[in-house]
1. Can you report the number of residues in the stretch 33-74 which are at pLDDT below 95 and of a type in the set (Val, Ile, Thr)?
2. Could you count how many residues in the stretch 52-63 are surrounded by 11 or more Cβ atoms within 10 Å (Cβ to Cβ) and in a helix (DSSP H, G or I)?
3. I'm trying to understand the selection: among the residues of the stretch 17-46, which are touching a helix residue (DSSP H, G or I) at 6+ places or on another chain (Cβ under 6 Å) and in a loop (DSSP other than H, G, I, E, B)?
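The values are calculated or read from the model by the stated rules, or taken from the named source; none is laboratory data. Please read all numbers here as calculations on a predicted model, not as lab measurements. With ideal geometry, Cβ positions are generated from the backbone for all residues, glycine too; neighbour counts draw on all protein chains shown.
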Amino acid sequence: MLKQLFQGFFRGRRLRPACFHCGEPVLQEVILNFAGESRLLCCHGCASVLQAIAEAGQTAAYLAEKRNRAESGI
């Protein structure tokens with residue numbers, strides 16, 4: 001019974017990847033080269049934030065903070 005409810009709820013829905021910057025589901029694909037890799041983003045706003053971080057020379061600090069948050073579960 002539970003399996004049928006679960007399948008019915010998710011029927012026709014696709015799991016979407018998360019935005020590299022904010023974690024929201026990616027509805028429109030925006031791809032940006034950041035820190036030497038192509039990053040999938042949800043919008044041009046997140047792309048602008050990453051560009052500003054890179055232009056300010058803060059890429060390493062941003063990635064370190066992102067890693068720390070992931071490790072601590074934040």
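1. Final tally of qualifying residues: 1.
2. As a first pass, look at the stretch 52-63 and keep what is surrounded by 11 or more Cβ atoms within 10 Å (Cβ to Cβ): 53-54, 58-59, 61-63.
Filter again for in a helix (DSSP H, G or I), leaving 53-54, 59, 61-63.
Residues that pass the stated criteria total 6.
3. Narrowing the stretch 17-46 to residues touching a helix residue (DSSP H, G or I) at 6+ places or on another chain (Cβ under 6 Å): 19, 21-22, 30, 32, 34-35, 41.
Those that are touching a helix residue (DSSP H, G or I) at 6+ places or on another chain (Cβ under 6 Å) and in a loop (DSSP other than H, G, I, E, B): 19, 21, 22, 35.
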